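Notes follow the structure.
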Amino acid sequence: MYKIMLVDDEDEVREGITATVDFAACGFTLCTQATGAIDAIEKAAQFQPDVVFTDVHMPYMDGMEMISRLQEMYPTMKYIVLSGYDDFIYVKQALQRQVLDYLLKPLSAQGIMKVLRRAKEQLDEQDRQRVNLEILRDKVAKNAQQLRRGVVLEYLSGSFGGDAHALCAYPQPVDERIAFPMYLAVLSLERTEENLEVLRRDFDSQPMLLGASVEEVLSEVFKRRQGEFIQYRSQFLLLLPASQEEAIAACDDAIQSLRHYLHLTATAGLSDEIGSYSALSEGYQNAMAALDKRLIAGQGQVYTPSSSPESRRKDLELDAWLTRAAALCRSGKKEEIAAFCRYAYVGFFLQFLWNRMEADIDRSVDRLGELMTAFVRSAMAEPSN
């Protein structure tokens, strides 16, 4: 039911109305009464009525001035005005203030209830319009989001054949469009034993359930962060219209949230700044190159094109790389093997320099040869049963 506040400086008028009018039968509950305009303004803040049923002539402040002040504070509040005078000036003011109805004293209970029922119909219609508008806005937002995502995915796949800028000009709020410059991050769930165990234990080995849960976590992240996400192949792309520092923070937030809520390890590769649609594909490759650094420097972090793998884990032993390389070769995952090879030479070179500092050059070269031999043997070895 709607809440209504009764305002009149005459006690007998308020008592007569409350004694004879069945507010509940008209769809209202009488939430409070006020003895004047100043009292009504104070009680409006406390009770937040939907409708104010007020007299016009009151001491210190008349009903019309009170309505003007309340409208500034509560734009959606509605009013029914009572008056002992059929005064055109007051009627005109009431109409200008979008008052629901203007009634003359003396009033009958039936007359008041008729007005209340009419007011309820108007309020119901306004509620329906508001709900319909919210539904329409939601549909427009979803369609706009699908449009944006479609444009991004088509550019990444190289299949877009139209003018993305023309598509982006599709009628919609400005904040619903893709904002440039931006950063693109590739968020990847790692294929670790721990993650696989989470998939088996918590999601009944169903990747679709896992994906839906990841989307829910990311949706919460982007309620507090600028940007949005798109699922692309087996990864999640984060579109981040912010500074690089803010983009890194958003990626880290996503990684930590997935670890906290789903116990999953994820890693993010962040592109350089992207200035246009045509640069999206290059930005994606840029982000993938940054993501590849996890194969050397470890998982569960954010990497940028300028990140140096050795700066994250300078104490990483090359023997650990060999173990990882062998596992990758046995897995047959060509993309991950290729990515590892692109960065393996960096690790070997760093190990070479480290040994050079510790001993003579001959020992360093010998050690490098041993490691390369071990790598080849490990990669070619049959997996143990």
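The values are calculated or read from the model by the stated rules, or taken from the named source; none is laboratory data. Remember, predicted model here, so these are calculated numbers, not experimental data. Cβ: placed from backbone, ideal geometry, glycine included. Neighbour counts: every protein chain shown.
Yes or no, residue by residue, for (1) touching a Pro at 6+ places or on another chain (Cβ under 6 Å); (2) at pLDDT below 90; (3) farther than 26 Å from Ile296 by Cβ:
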residue	(1), (2), (3)
Arg177	no, yes, yes
Glu216	no, no, yes
Gly269	no, no, no
Gly275	yes, yes, yes
Practice problem: Tell me, yes or no, whether the stretch 159-168 has at least one residue that is loosely packed, with under 14 Cβ neighbours inside 10 Å and modelled with pLDDT of 85 or more. | Solution: no
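Which one is nearest to Val56 (Cα to Cα) among residues in the stretch 17-34 that are over 45 Å from the mean Cα position of the chain (by Cα) and surrounded by 16 or more Cβ atoms within 10 Å (Cβ to Cβ)? So that I can check it myself, show each step before the final result.
Step one: filter the stretch 17-34 for residues over 45 Å from the mean Cα position of the chain (by Cα), giving 17-22.
Next, from what is left, pick out any that are surrounded by 16 or more Cβ atoms within 10 Å (Cβ to Cβ): 17, 21.
Values: Ile17: 16, Val21: 20 Å.
Within the stretch 17-34, the match that is nearest to Val56 (Cα to Cα) is Ile17.
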Practice problem: Please indicate, with yes or no, whether at least one residue in the stretch 257-268 is of a type outside the set (Ser, Thr, Tyr), farther than 20 Å from Glu193 by Cα and under 24 Å from the mean Cα position of the chain (by Cα). | Solution: no
Exercise. Identify the single condition in (1) out of contact with any strand residue (DSSP E or B) (no Cβ under 9 Å at 6 or more places or on another chain); (2) at pLDDT 90 or above; (3) in a helix (DSSP H, G or I) that Ala44 does not satisfy, given that it satisfies every other one.
Key: (1)
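Quick one: would you say Ser234 is farther than 18 Å from Gln299 by Cβ and in the same structural domain as Met288 (by TED's automatic domain parsing)?
So Ser234 does not fit the description; no.
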Quiz item: On the given criteria, is Phe203 in contact with a Ser or Thr (Cβ under 9 Å, 6 or more places away or on another chain), of a type in the set (A, V, I, L, M, F, W, C) and surrounded by fewer than 20 Cβ atoms within 10 Å (Cβ to Cβ)?
Solution: yes
Practice problem: Go over the candidates Glu10, Glu72 one by one and state the one that is among the acidic types (Asp, Glu), out of contact with any His (no Cβ under 7 Å at 6 or more places or on another chain) and free of Cβ contacts under 8 Å to residues at least 24 places away in the same chain. | Solution: Glu72
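Those residues that are assigned to a loop (DSSP other than H, G, I, E, B) and either under 20 Å from Met73 (Cβ atoms) or touching a Phe, Trp or Tyr at 6+ places or on another chain (Cβ under 7 Å) (or both), I need them from the stretch 16-41; list them, please. Even if it seems obvious, please write down each step before you answer.
Taking the stretch 16-41 and keeping what is assigned to a loop (DSSP other than H, G, I, E, B), we get 21-23, 27, 35-36.
Passing the criteria: Gly27, Thr35, Gly36.
So, in the stretch 262-285, exactly how many residues are farther than 20 Å from Glu246 by Cα and of a type in the set (Phe, Trp, Tyr)? Let's see the steps before the verdict.
As a first pass, look at the stretch 262-285 and keep what is farther than 20 Å from Glu246 by Cα: 262-265, 277-279, 281-282, 285.
So of that shortlist, the ones also of a type in the set (Phe, Trp, Tyr) come out as 277.
Summing the residues that are farther than 20 Å from Glu246 by Cα and of a type in the set (Phe, Trp, Tyr) in the stretch 262-285 gives 1.
It is to be established whether one or more residues within the stretch 193-211 are in a strand (DSSP E or B), at negative phi and of a type in the set (Phe, Trp, Tyr).
The answer is no, given that none of the residues of the stretch 193-211 is in a strand (DSSP E or B), at negative phi and of a type in the set (Phe, Trp, Tyr).
Residue-wise test of (1) modelled with pLDDT of 85 or more; (2) exposed (fewer than 14 other Cβ atoms within 10 Å of the Cβ); (3) in a helix (DSSP H, G or I).
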| residue | (1), (2), (3) |
| --- | --- |
| Gln110 | yes, yes, yes |
| Glu121 | yes, yes, yes |
| Gln126 | no, yes, yes |
| Ile135 | no, yes, yes |
| Ala144 | no, no, yes |
